[in-house]
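We did not get these values from a lab; they are worked out from the coordinates using the rules stated. Values in this document were obtained by computation on a predicted structure and should not be read as measured data. Please note: Cβ atoms are built from the backbone with ideal geometry, for glycine as well, and neighbour counts cover all protein chains shown.
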Amino acid sequence: MNTITYMTGLLTFYLKGEISTDNNFLKLKVPNTILSLIPLGSKKDNVPVNQLATVSSSFKMKFGRFLLGVIICIIGIAGFSSFNTGGIVLGILLLLWGGTLVINSFTTELYIYTTSGKEYKIPFLIFEKSKVNLAEESINNMIAGRLNDTNNRQVAEAQTSAIVDAINNK
């Protein structure tokens, strides 16, 4: 069994998603959050290997989130100009939140499609891009293995070769 764990957010670094594979199923676990801050359980899916059709990945920049993060960072920096303690604390919090939004605006997503047309979208942080490639390769290997197992021509040729070898070796 091959398991890949990944982070889905900077502020919720302790919440890990999982993609695990075994011979018959692809198991997905994606944590759910409210406003990317408050944990709220997780979504779990088990997909049979014979239902997997394709897998792809995509790198995106969410411009709205990026722009909002920059604006919040600017407001946070402006909060430092006030000399009272509340303004500095608020400025630090806004700067952290804005910086997190800027970093989270760059996402890599793994898309898994089934033969029935269902799509599973799994978001990764930009820092976890190598894990996206690893998961994509692993799932593609599962699909290729299933297709090889169900290829009647290959199975028939292997059986014919075994029978010919058995007859020749009497």
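So what is the 222 nm mean residue ellipticity for the chain from helices alone, if each DSSP H run of at least 4 adds -39500 (n - 2.57) and you divide by all residues, rounding to the nearest 500 deg cm²/dmol?
Result for the chain: -15500 deg cm²/dmol, rounded to the nearest 500.
Based on the Cβ-Cβ distance from ASN50 to GLU109, what FRET efficiency comes out when R0 is 22 Å, to the nearest 0.05?
It comes out at approximately 0.35.
At a threshold of 8 angstrom on Cα-Cα distance, excluding pairs fewer than six apart, so keeping six or more, what relative contact order does the chain reach in percent?
Reported as a whole number, the value is 20 percent.
Lys/Arg Cβ at +1, Asp/Glu Cβ at -1, dipole of the chain taken about the Cα centre: which of THR107, SER161, LEU90 is farthest positive-ward?
So the residue furthest toward the plus end is LEU90.
Tell me which trypsin sites (Lys or Arg not before Pro) from the stretch 49-129 have a DSSP coil assignment and no more than 16 other beta carbons within 10 Å of their own.
Of the trypsin sites (Lys or Arg not before Pro), the ones in loops of the stretch 49-129 whose Cβ has at most 16 other Cβ atoms within 10 Å are LYS62, LYS118.
Quick one: pull the percentage of alpha-carbon pairs in the chain with a separation above 23 Å.
55
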